[in-house]
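In what follows, a structure is listed as structure tokens, so that the remarks can point back to it.
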Amino acid sequence: KGGIDLEEVAKLPLFKTADPKQSTFVSLKKDIVHCCVDPSDKHSNALCKLTPPGMVLLAWPTAQGKPIYEYCGVNLCTGEEFMCHYIVPTLVGICGKDEDGRSSAPFLVELHAWVCIDASERVKKAASEVAWVPSEDMSQTALASAYVSTAVGAAKVFKSVLKAYLPAKWIQWNTQYMELMMALGMSSILTPSMILLCAKHLHQAFTGRDGPIPDEDEQRGEKRKLTDEEEEPIPAYIEMKDCENQSSFNGVWERTEEHREYLGHDRGTYQLVGKSFFAYFWRDADDAEQTGWYIAAEVGSEEIFAVNRSGVDDLFPPAAGGWEIQEEDPAGGRVAEKRCGFHRVPKQQEPSAKAAKTQESSKAESDGTPQQVRAATCRTKPNVVGIYEITWEHKEYLEHDRPTYTKDGHFVYFWDDKDDPDSKGWYVAAEVGSEEVFAINQDPKHFDAQAPPGPGDWQVVGADGSKAVDKEFGFAPVLASEGVLATKEQVQVKRPTPSASKPTGNPLGVVTDSLRAMSYELMEEFARAAEELWPKPGSARSAINDSSQKQNLHDMWNLLETASLNVLVARRHATQETTKKELEVRNSKRLVEEKDRKIKERDQADDPQALLDCAKVELVPLKGVAFKFARQVLWSVAPVAEHTPPAGSKGGTSYLASLVTNHSEGMQNVFGAFVKAKHAPPEQVMRHLSFLCGMPQAETGIVAIKPGSVLHEDLKACWAYLSDSLYSLESPEVKEHLESLRKLPCVAVNSEDVADRPVEEMLLTLPKFAFFQLPLLRGKEANLRLYLR
């Protein structure tokens, strides 16, 4: 109205910023978004402190100035609108590049307040539809619903496998962030594709192979041992020779399995003994030119010291001929060294290689450095308590000769940063150099110590970052032979021997406690997913033909592939000796008491505790495994499911038990498992019956069985099966076992008419010696019955 050009006014510094502490007047720039948040909103003060990139937050205008703000393009918002339109969309750039969570913290704290405290459905919907959450491996940002929680279940035991499906670590470590993630749709269960990924990991950990095992002997985990004259395809030790530009690489390198899962192949990875250098094979599916052998301070590091792209078919780092080595001058590039390369260390020379490996430990012993230290007590952080073992892995990184000690994701080390003298001191942290510090000791009197200091000067870091002195927390040397705290004098007199190196991987063919826990959680997830995905009776046709069900079919295929891998804990008899031992146990144990007859319908045919030592425990595919009632007719010739919660675990789910009980036919038709006795192949049942009747004979042609024993019930189940499957006795596969059975005591007879046998015994005799009882006769005709007996 007054003829004022408002566009020119926008160029003047007349607009006040919202920050009450550092408020200034600015002009409106075209490439900047300008917003105002309604001061009556209870979140306005907090929102004024949030300034996403490319935005300036202005103070709320007066009633007279409001039309000018609107004309000039300033966005006047409520707190909820500001969150939905300006904060949430910018989280992709803020959180996606945040490695430690610091820059994201103020934004996520405010988002948590809106979603979890105020329960704003509008903000919740906006945040759940934006792919702002970074993955643990920082390979992507995705929706919160694309991730899975590691609080419980399979995701917890397969954390190392599911890094692409887990939120960034700094999100996992914050309870508020995890509460926010759950509110935004983060799942606590695995998808079928995640289940298959975990199954492949479990299968490889047990078998050492990527796919199903073809050979029966290998299926039982029995790997052929090499003779002294034979060489392993991937040697335990190799040696680099004739390296000029990086002469420190010359020496013995030891094979390590620590990075096999990360690299995704079975080729040898080696670490230079006593130093933090690794030789490994790298394959990049997205960039084939990067495929080759590398030497770096860390596996996968971008700082490469050597590369060889000519030996892509070798199982361990190649010999001379193709290596390019970084020059000693960091400014220089890599140069070809024709003589430099790796060579296999002969088996006869491995002892000397092992001696080289312990050189650092020997040096430490001679200096009085303990091989183990113990943290005795810490009230606020009990996880740091325990025995720590010496490691020299981080020597190059720390740039000093003091040892580092480690236990279960905790490291104790001395930090001396010349650029930051205030950080100097002893630390207990999640990783060497990590910002996640559990305890710190910066008393100058300990700066010259060669081992972590004792109690008195340690400060324990709280969850909020505060530090509190804990006079009782500290470290002391440990005597390796006695496992008790040692005094300084004891250490000088009696040196602890170097502790044996821990195995870096699971021994092949052995079901360890960790593999059993993985199997239990994985099979529970598998059963839950199968129950949800598989078409129910009567709906299979529509489910398969419906184009909208393509994802379901893909998920079903993932579960079928999972079922074909070695993922289920089962026990199987590998020798005749174990079979006979179980026969004796089953013949001495009663199935159930008469008063608890209903229990018979449950899975009580076996006593796992008594029978566990009789058979070998292994991981097997579902096909051919006996569950429930099929166990009685197959336990000596087929793997028997041993799916139980890990020792010490509380509660647990029962998805697999429910799947087996409610869908026994589906378990057999789809996955090939045996649940009911009728599912068992006749030839296997006949072979199993032959085993049962092969017990030591009390006398020629007679075997004694205790009535009501587990073995007695097994025999009854086998005969019941055969009586319902008479048609199968004509098949060639069964006839062979039938002929064997005819020569064994397999027919039950009463012992009441046998004078020298106890009445409580039941006898098995040869078929040719058995006869069947006549109908009840009366009077004088009863004498005929006694005579015929």
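The values are calculated or read from the model by the stated rules, or taken from the named source; none is laboratory data. All values reported here derive from a predicted model rather than from experimental measurement. All Cβ positions, even for glycine, are placed from backbone atoms using ideal geometry, and neighbour counts span all protein chains on display. Areas reflect the complete protein model, heavy atoms only, side chains present, ligands, DNA and RNA absent. Shrake-Rupley method; radii C 1.70, N 1.55, O 1.52, S 1.80 Å.
For the set K97/K159; K241/K418; K21/K125; K678/K735, the pairs lying more than 24 angstrom apart at their alpha carbons are K241/K418; K21/K125. Computing Rg and the Kirkwood Rh from the Cα coordinates of the range 95-170 gives a ratio, Rg/Rh, of 0.99.
Residue order by solvent-accessible surface for W293, W534 is W534, W293, largest first, with ligands and nucleic acids left out and a 1.4 Å probe. Judged by the mean number of other Cβ atoms found within 10 Å, the most tightly packed of the peptides 568-581, 728-741 leads the ranking 568-581, 728-741.
May I ask you to give the percent of accessible area on the range 74-169 that is carbon plus sulfur, with a probe radius of 1.4 Å? Heavy-atom surface of the range 74-169 belonging to carbon and sulfur, 1.4 Å probe: 52 percent. Computed with a 1.4 Å probe on the full set of protein chains, the accessible area for L12 sits at about 90 Å².
Label-to-label distance, E436 versus E70, with points set 7 angstrom from Cα along the beta-carbon direction: 5.1 nm.
Any chance you could tell me what percent of the C-alpha pair distances in the range 67-224 go past 22 Å? Here the tail beyond 22 Å accounts for 51 percent of pairs. When the alpha carbon gyration tensor of the range 260-332 is reduced to an equivalent ellipsoid, the three semi-axes, largest first, read 18, 15, 13 Å.
Label positions at S128 and K97, each projected 7 Å from the Cα along the C-beta direction, are separated by 3.0 nm. Extending 7 Å from the Cα toward the beta-carbon at both S658 and A336 defines two label points whose distance is 6.5 nm.
Based on the reciprocal of the average 1/r between different C-alpha atoms, the Kirkwood radius for the range 134-190 equals 10.9 Å. For V335, the accessible surface of its heavy atoms amounts to roughly 50 Å² (probe 1.4 Å, protein chains only, rounded to the nearest 10).
In the structure shown, the pairs K200/K407; K29/K163; K623/K768; K49/K445; K16/K467 are assessed against 31 Å; a Cα-Cα span above that value is assigned to K29/K163; K623/K768; K49/K445; K16/K467.
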